[in-house]
Structures are given as structure tokens and as C-alpha cells.
1. Which residues, counting only those in region 99-116, are over 15 Å from VAL152 (Cα atoms) and over 18 Å from the mean Cα position of the chain (by Cα)?
2. Of the residues that sit in region 109-135 and are part of a loop (DSSP other than H, G, I, E, B) and surrounded by 22 or more Cβ atoms within 10 Å (Cβ to Cβ), which one is nearest to the ligand (Cβ to nearest atom)?
3. Test each condition in (1) buried (at least 23 other Cβ atoms within 10 Å of the Cβ); (2) out of contact with any Lys or Arg (no Cβ under 6 Å at 6 or more places or on another chain); (3) over 28 Å from LYS352 (Cα atoms); (4) hydrophobic (A, V, I, L, M, F, W, C) for ILE80 and report the one that comes out false.
4. If I go through region 197-214 residue by residue, how many of them are more than 16 Å from the ligand (Cβ to nearest atom) and crowded, with 19+ Cβ neighbours inside 10 Å?
5. ASN180 fails exactly one of the following numbered conditions: (1) touching a residue at least 40 places away in the same chain (Cβ under 8 Å); (2) touching a helix residue (DSSP H, G or I) at 6+ places or on another chain (Cβ under 7 Å); (3) farther than 25 Å from VAL347 by Cβ; (4) more than 16 Å from the ligand (Cβ to nearest atom). What is the number of that condition?
6. Which of (1) closer than 30 Å to TYR49 by Cα; (2) among the aromatic types (Phe, Trp, Tyr); (3) surrounded by fewer than 20 Cβ atoms within 10 Å (Cβ to Cβ) does TRP227 not meet, given it meets every other one?
7. Could you grab the pairs with beta carbons closer than 9 Å, sequence gap of 6+ or different chains, first residue in region 41-65 and at pLDDT 95 or above and part of a helix (DSSP H, G or I), second one more than 16 Å from the ligand (Cβ to nearest atom) and of a type in the set (Phe, Trp, Tyr)?
8. State whether the residues of region 234-254 include one that is part of a helix (DSSP H, G or I), touching a residue at least 40 places away in the same chain (Cβ under 8 Å) and under 18 Å from the mean Cα position of the chain (by Cα).
Amino acid sequence: MSQYSVLLVDDEEDVIAGFLLTGMVGILSGCSLRQTREAESIKIGVTVYDQYDTFVSQMMEVFKNYAGEKEAETGIAITIEMYNAADSQTTQNSQVESMINDGCDVVCVNLVDRTEPTTVIDMAEKNNVPVIFFNRELVEEDLERWERLYYVGAKAFESGIMEGEIAAAAFQNNSSSDKNGDGMIQYLVLEGEAGHQDAIVRTEYAVSTIVESGIDVEKVGYAIANWNRAQAQTKMAQLLPEYGSEIELVLANNDDMALGAIDALKAADISRNDWPVIVGIDGTDVGLEAVKKGEMIGTVYNDKEGQAQGILNLAFALSTDGNLSELALEDGKYLRLPYAKVLPEDVDAYLK
Ligand code: GAL
């Protein structure tokens, strides 16, 4: 039986809200473990910016499964202390402090504010606890501030290019997608958080890829919906009365926002034949289902398995023998997993 355990820590009350999925809790002796090379147990701290974010929460589920497998494979007990920062950097800074005080060998931080990693970095360096930042990328200058800082994520521009390719192919393969027949694509963008590396870069590369494929485009509108399905539905519902019939393409920075646009189209009783082409990014379970149903023309797979495994393997290596040579880090600090296009014909393989 797997011995790995997960401590879910309530951020406000600072109490353990629920824990121990299976087996035993590792008893740890704080800092001493950090110097032990032949560990019998390790403790990994994780804080996510928002536990209700669909992609991040699915990635964390996979991460916990990998921890169980790693424990079975190595015989080293792995305790995961998991926190939700609930969109507050101040809360997240306190969580990192608690993880360090609790003797975590490594802390994995999904920054709330990717421009504010200073407090986390200073605490980690002072206590000599390595940090793996993930999914929300800090600038290189910050990552360079101490040698034991790492980043695991993906190449944002690649997802934008793939989204643009999927959209361009949809118009090249089906001329009726150009609803008004003016030879241009009238498009709408649903953007993630302002200032997030994936939002800025995905939009830019998706649009430039469509243009480079020889298709003229015209932007009819955009809305920031913070990766969130309900917010995207609200924004789309506001845009539909004004632009509804003009919109031929919805480029969403992620699947949840693409699904929010679909929710709005359904709520407005717009006939399926009149829907714009809709493309997302992530390949979440719900996103893949929408591709399978033909509601989204395609999505771009954000490799949550690869990223979760990368974080886990790096955390494990940093907590045990410190040998990072098998991890193929770029510049000794970065692990970036590739994206992949998911079209209706590929979707079953991903749903499995
Ligand atoms: C992106 C992902 C979004 C959202 C965001 C959170 O990579 O595509 O759906 O999860 O990260 O930082």
C-alpha cells in the first residue's frame, strides 16, 4: 500500500482541515532532514494561487497520484502539505513561512502575483529551502536571484501558435465559417488575467499565426475573464447583443473561458449553425468533452501530466540526493513541457 499522505491546510484558520488519504504520516525532524542525503521520508509543501482554477486543480490531482507512485517505487515516504492561497499574495507568503517552519524540504509555489516573488525568495534563501515555482512564471531576473530557485511550466508562445493554426485550418477547410463572406475573420478574444504570461503571449501568437497563414482578420472585441468560465459567460452575454451576428471566431486563452462563451451562446438560444468557431487551450476534461461534442473546434493540450511529474521529480531530487542530472533542466533552472494540438480526431486518445 502506498504510504504517501496529503495534508490539506486551511489557509485562514491554519488548521489541518483534512488529511491522510492513505497510510502513514511522515514524522519529520524539521531542518535536519534538509541535510540528510539518504532520506526515509520527505515533506513537500505546495501552495496554489486558487484551488478552484480548473487546470491547476487537475494538475494537482495528477501530482498527488505521482507522489503515491514515486513513494511506492522508492520506498521513501512522501508527505505533501497543500495550501490554497485564495488569490492573496500575502496569504501565500504566510503559507510559505508555515511550510518552512513545518520542515518542508522543498516548497512548490504557484505564485498569486508573478511580479511579487521577493518575500518567498528571501524566506527560502534565509532557511536554505529550495523553491519550485510553477505555472505562473516569474521574470528571469527574479529566478536568478538565488541558485536554488526553479521553474516548471510550458512555452506560452507555442500554445498561441497552435491555437492560431487550429483556427486558420477551420476557415481554410470550411468557407461557410466566414459567415458574412467578406474574406476576413471577425474575431473576439477572451483573455486570462491581465499580466499573466500565458494570456499576453497566447493572444499575440494566435492572431499573428492566423495572419501569417494568409487570412485577414478583424478584431470585433475582447474581454478579460481571468481564466474563469462564469466570468467568460457574463462577458460574452454582454457582447452578444452588440456583436453577436458578426463574431466568426472566439479565441479563448483557455478552455474554461471557451466553455463560458458556449454557455452564453446556449443561454441566448443561438442556433448551433450560427455559432462562431470556438478554440480553447488546456485540454481539461470538460474542454476535451466539448471538442468531442463538436462545440469547440479544437483545443491545445497543456501537459498537466508532464508538468506535475516534472515538479514531483524535481522536488524529490532536491529533497533527497540533490542529483538533478536526469531532469534535463534548461539553464539548470527551467523545465518547460511542450503543448500539443487536439482536434476532434485526437480527442479520444486524450480523454483516456
Ligand atoms: C494557464 C492555464 C489556465 C490557468 C492559468 C493559471 O497555464 O492555461 O487555464 O490555469 O494557467 O495560472
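1. MET99, ILE100, ASN101, ASP102, GLY103, CYS104, ASP105, GLU116, listed by residue number.
2. ASN135
3. Going through the list (1) buried (at least 23 other Cβ atoms within 10 Å of the Cβ); (2) out of contact with any Lys or Arg (no Cβ under 6 Å at 6 or more places or on another chain); (3) over 28 Å from LYS352 (Cα atoms); (4) hydrophobic (A, V, I, L, M, F, W, C), ILE80 breaks only (3).
4. 3
5. (2)
6. (3)
7. From residues that are at pLDDT 95 or above and part of a helix (DSSP H, G or I), the pairs are LYS64/TYR4.
8. Checked region 234-254: no residue is part of a helix (DSSP H, G or I), touching a residue at least 40 places away in the same chain (Cβ under 8 Å) and under 18 Å from the mean Cα position of the chain (by Cα).
The values are calculated or read from the model by the stated rules, or taken from the named source; none is laboratory data. Please read all numbers here as calculations on a predicted model, not as lab measurements. Cβ sites come from the backbone with ideal geometry, for glycine too, and all protein chains shown count toward neighbours.
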